[in-house]
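The values are calculated or read from the model by the stated rules, or taken from the named source; none is laboratory data. Fair warning: this is a prediction, and the values are worked out from it, not measured in the lab. Neighbour counts run over all protein chains shown; Cβ positions are idealised from the backbone, glycine included. We work out accessible area using only protein heavy atoms, side chains counted, and drop any ligands, DNA or RNA first. Shrake-Rupley method; radii C 1.70, N 1.55, O 1.52, S 1.80 Å.
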Amino acid sequence: MSSPSDMAMSLRWIAILSGKVKCDLAATTGIHDGAAIIKQLLAGASAVEIASALYINGPEYVQQMLREMTDWMDEKGYTAIEDFRGKLSQSMSENPAAYERVQFMKYFRGYKKHFHPPL
């Protein structure tokens, strides 16, 4: 079972690859609510997998996730997923190099090299 905190890696790679590869991208791992679906779609996902969310909450949970999505879409004025899919991907960024640098820094945040002095 995944947890919501597991989504960061798939979100990062969907955003980086969207618009650069000639295939659909399916987001997996850590997608447990409508907000997570929206994030993956904004990053450029064509599909999301929500197996853990369904195992934990039951199949009726799909309706809640869809309600969260449609409420957000209504609030933002979107009538279709295609209106916002990929808007936050690297390929849609005004400065793709800066986007990539931020992703690099997020990946290595908290990394500490263990220094071992020579004997």
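Among the criteria (1) touching a Ser or Thr at 6+ places or on another chain (Cβ under 7 Å); (2) loosely packed, with under 15 Cβ neighbours inside 10 Å; (3) more than 21 Å from M73 (Cβ to Cβ), the one S2 does not fulfil is (2).
On inspection, A8 passes the criterion of being modelled with pLDDT under 95, open to solvent by 50 Å² or more (accessible area, probe 1.4 Å), over 16 Å from K87 (Cα atoms) and of a type in the set (A, V, I, L, M).
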